[in-house]
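The values are calculated or read from the model by the stated rules, or taken from the named source; none is laboratory data. All values derive from a computational prediction rather than experimental measurement. Heads up, the Cβs are rebuilt from the backbone with ideal geometry, glycines too, and the neighbour counts pull from every protein chain shown.
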Amino acid sequence: MRAETEAEAAVEVELDVPKCVASGQCVMASPEVFDQRDEDGVAILLERHPGADLLDGVREAVAICPAAAIRLVER
Ligand code: SF4
């Protein structure tokens, strides 16, 4: 596992799995950070501490998730 930089550790993506309605918008917006389970399409968090280059996509996913299941916590 690679070491996290300080900037990466300062942000955390939270996925509220029970809220997810498997719409897939997060994967479209940010495929590096989100995937979907094969069996039911529920989202999977691939990267809890994404790098700065991925944050625009994560913010878009937060904004468009129809279930409001994603949060980006910036410390
Ligand atoms: S956009 Fe929201 S509801 Fe849709 S798959 Fe992602 S987390 Fe689930």
statement: Of the residues in segment 52-64, those that are within 18 Å of Cys20 (Cα to Cα) and either part of a loop (DSSP other than H, G, I, E, B) or in contact (Cβ under 8 Å) with a residue 40 or more places away in the chain (or both) come to Val58
task: Within segment 32-51, identify whether any single residue is without any contact (Cβ under 8 Å) to a residue 40 or more places away in the chain, away from the ligand (no atom under 12 Å from the Cβ) and either in contact with a Ser or Thr (Cβ under 7 Å, 6 or more places away or on another chain) or in a helix (DSSP H, G or I) (or both), and answer yes or no.
output: no
field: Flag if Val62 is surrounded by 15 or more Cβ atoms within 10 Å (Cβ to Cβ) and not small (Gly, Ala, Ser)
entry: yes
task: Only residues that are within 18 Å of Val73 (Cα to Cα), touching a Pro at 6+ places or on another chain (Cβ under 9 Å) and in a helix (DSSP H, G or I): list them for segment 14-31, please.
output: none
task: Determine whether Glu4 is modelled with pLDDT under 95, away from the ligand (no atom under 15 Å from the Cβ) and part of a loop (DSSP other than H, G, I, E, B).
output: yes
- request: Residue by residue through segment 63-75, note down the ones that are farther than 12 Å from Glu12 by Cα and more than 9 Å from the ligand (Cβ to nearest atom).
  value: Ala63
